[in-house]
1. Using only Cα atoms, tell me the angle between helix 131-144 and the longest principal axis of the chain; keep it within 0 to 90° and round to the nearest 10.
2. Separation between the residue 28 and residue 542 pseudo-spin-labels, each 7 Å from Cα along Cα→Cβ, expressed in nm?
3. Write down the Å³ per residue value for the convex hull defined by the alpha carbon atoms of region 335-385.
4. In whole Å, what are the Cα extents of region 293-365 along the three principal axes, biggest one first?
5. Stokes-Einstein D for region 368-465 at 37 °C, 0.692 mPa s, Kirkwood Rh over Cα pairs, in µm²/s?
6. Hey, can you rank 437-447, 30-40 by average C-beta count inside 10 Å, highest first?
7. Starting from the Cα-Cα distance between residue 92 and residue 431, subtract it from 0.36 nm times their residue separation and give me the gain in nm to one decimal.
8. Over 14 Å, how big is the tail of the calculated P(r) for region 137-183, in percent of all Cα pairs?
């Protein structure tokens, strides 16, 4: 019979023992007076523990908190066990000191001390509650200026009066550190010119890990590289080695669209489209090569080639070269060549200046007054600001502001005239929340001249201008286009949007001033092949009503590789 009962008794014993072992411990803390007890309770200490070691650790932490608020002479009188699960900690808080006057003896740069807001002539008058954070801030600033192993100590602490202390600041400063070597992990062929000029990180400079982290954060503004993780540093006895973790990003893009609509004269469907190829950093110099070829329904052809080479010979300046050829049916051919020197102020700001030469040839057999051969030479300046939002794969650029101006001479036949040109292209995305956003864009061009030729006027209209109109079907010496979209994200890869566009233009050759409007809708889909976009828009003028037969459908696919 005993043998049958023993296993049951053993099981009951194990359960009872486990319950005892899992029993919580409770802590109460009191002071010498009711006021001291209220002060201790106001610190909000933990009162329930699973074991004695964590309870004892909380008592030590509580004593440290009392010291931090000014009770630097507080004393733990005893920690007594009241019963099987309760403990009582008794404290004597003693005097609460309010401030401490720390004489720095010019051991710390005055510029650092001024950051504390507690500097008073040759001493720091610091509230006791702010003492630890103030010393940490001073020590961090000293470390950022090349002494990462510095430490601060307040010595010779004395009482000035009942509530005030004084002490001497002592600074332990090992030899100042400089960055002796930079090692890049992941993308070893990262352009050295971007390391020196774009990130502004160089060897033999005073080491500051905080400053380096701030500088490397702009890596994500580059289209061809990303930062994998924060930089790290290896300190040896006689050197400081910085490790940066960078990966090469897919930055080449291929973009194209197919558009079709009904010809008003023939009532037949006509197609148009373009090819846009952008090759970036394929030679690991940060260079960019852009090729655009466009053939639209108005028998117009555009060839545009741009080459950008930043930081030539590791200098702070880069070079932009551009060749543009435009041909309109058998009317004229215009060739534009541009050369600019650019300077990148930082990751967002770029300024540039250069020259532009334009030659246009009249292809008509019968001469006209509005189309004729001409040559133009102009000086130009440009400023570009770009703000990215790296977290959004659908809309990686949040704000763009691109403005340029040019001035020079245009000559044809026996006439030589001064001209100037002003151009602006800017857009902003207003993120209302995670799913809703509003996109607004302004694009404008103003050519100032005494007389105008048709083959020199700026052209606009189409998917990248006012939507609902044929590509480059509108010419004007002055135009301004407003594009707006309300966007709604269905998820991280799909969005739908409205299309509401408006434009105003003037053409002094035809004495024309007109307002244009475009309405429609569209959607975007991020696939493995790239970003696919669909737009359905219809355009109208002030005199013409909307007609479905004038609607345009544009398909576009941007592929990254």
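Taken together, the values in this text are just the output of simple stated rules run on the coordinates, not laboratory data. No experiment lies behind these values; they were computed from the predicted model shown. As a convention, Cβ positions derive from the backbone with ideal geometry for all residues, glycine included, and neighbour counts pool all protein chains shown.
1. 50
2. 8.7
3. Values: hull volume 4.3 nm³, N = 51.
Each residue corresponds to 85 Å³ of Cα convex hull volume.
4. 50, 23, 18
5. Working: Rh = 16.2 Å.
Reported coefficient: 202 µm²/s.
6. Working: 437-447: 17.7, 30-40: 15.4.
With the highest mean Cβ count within 10 Å placed first, the list reads 437-447, 30-40.
7. Numbers: separation 339, 0.36 × 339 = 122.04 nm, distance 5.60 nm.
Going from the current span to full extension adds 116.4 nm.
8. On the way: 656 of 1081 pairs.
Value for region 137-183: 61 percent of Cα pairs lie more than 14 Å apart.
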